[in-house]
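The values are calculated or read from the model by the stated rules, or taken from the named source; none is laboratory data. Computed from a predicted model, the values in this text were never measured in an experiment. Neighbour counts run over all protein chains shown; Cβ positions are idealised from the backbone, glycine included.
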């Protein structure tokens with residue numbers, strides 16, 4: 001029996017684990033992927049206090065190492081369902097294992113949105129990726145595309161520009177959504193080419209991706225662009241599929257509704273980070289959420 005089980009080892013979950021352990025709780029943190037969440041797939045982080053610039057995997061490891069030294073139990077697995085009986089939460093994992101806890105902190109983050117166009121599923125991991133840090137080196141000195149116009153698309157596009165021959169940044173609108181400072185930096189890269197007001201309508205190739213079919217939204221012209229890889233940065237949706245028994249804590253977009261104490265409508269169930277309904281989703285705000293949730297969970301457990 002854990003005092004608190006944390007679902008997800010992103011910055012919010014890792015922060016909650018840190019403060020939970022320091023509150024002398026028996027803490028377990030469950031993660032089906034690498035610890036760090038979106039941090040671990042981010043090339044460089046420049047807006048986290050205390051670091052002028054730090055690689056995403058490095059910051060992830062520093063946080064993870066810190067909780068391991070405090071005795072937090074790391075559980076590799078995927079939570080597929082949560083049930084509750086007599087103030088005890090039961091977390092069901094994909095492999096059939098069942099864990100019990102007095103309280104739960106959901107820090108599952110978000111999942112990558114996709115285009116939903118022909119060929120996308122076929123070339124997943126065969127040319128189409130959602131992680132420039134993970135897969136960028138596979139396309140050294142080759143031509144690649146980045147889909148999206150926000151901060152993630154631009155930052156990862158600049159990272160890829162240091163590896164690849166040419167990086168095409170394709171965005172469906174006339175203007176990018178990225179912060180002005182990032183758009184200014186784009187001008188420093190001769191091998192980044194912007195293709196605006198354009199959408200990807202199909203992926204083509206044989207065993208691996210070879211071409212993408214584009215449509216200009218102004219002229220309706222369609223044409224093909226030869227690339228060896230494509231990286232999608234289209235935004236995210238909440239990872240809450242395992243909360244089918246707690247639909248009442250979700251809003252109409254699937255995000256968890258939590259108050260300023262990170263409490264949900266279900267006693268003992270807390271939520272933090274990108275998975276909750278909020279305006280700002282940053283590493284710093286997720287860390288803040290984790291601190292509050294852990295302290296709230298500690299108070300809840302001690303009242304049982």
Within segment 3-59, residues being part of a loop (DSSP other than H, G, I, E, B) and either more than 23 Å from residue 98 (Cα to Cα) or over 14 Å from the mean Cα position of the chain (by Cα) (or both) number 15
Check segment 182-192 and report whether any residue there is in the same structural domain as residue 138 (by TED's automatic domain parsing), modelled with pLDDT of 95 or more, in a strand (DSSP E or B) and surrounded by fewer than 17 Cβ atoms within 10 Å (Cβ to Cβ).
-> no
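Here's the yes/no breakdown for (1) in contact (Cβ under 8 Å) with a residue 60 or more places away in the chain; (2) over 16 Å from residue 148 (Cβ atoms):
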| residue | (1), (2) |
| --- | --- |
| 184 | no, yes |
| 187 | no, yes |
| 191 | no, yes |
| 196 | no, no |
| 212 | yes, no |
| 218 | no, yes |
| 224 | no, yes |
Of (1) out of contact with any helix residue (DSSP H, G or I) (no Cβ under 6 Å at 6 or more places or on another chain); (2) closer than 22 Å to residue 275 by Cα; (3) crowded, with 18+ Cβ neighbours inside 10 Å; (4) at pLDDT below 95, residue 110 satisfies every one except (1)
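Can you tell me which residue among 65, 46 is at pLDDT 95 or above and either crowded, with 18+ Cβ neighbours inside 10 Å or at negative phi (or both)? Spell out how you get there, then give the answer.
Details: 46 fails: at pLDDT 95 or above.
Just one listed residue meets the conditions, 65.
What about residue 247, is it surrounded by fewer than 17 Cβ atoms within 10 Å (Cβ to Cβ), under 30 Å from residue 108 (Cβ atoms) and modelled with pLDDT of 95 or more?
Values: surrounded by fewer than 17 Cβ atoms within 10 Å (Cβ to Cβ): yes; under 30 Å from residue 108 (Cβ atoms): yes; modelled with pLDDT of 95 or more: yes.
Judged against the criteria, residue 247 is a match.
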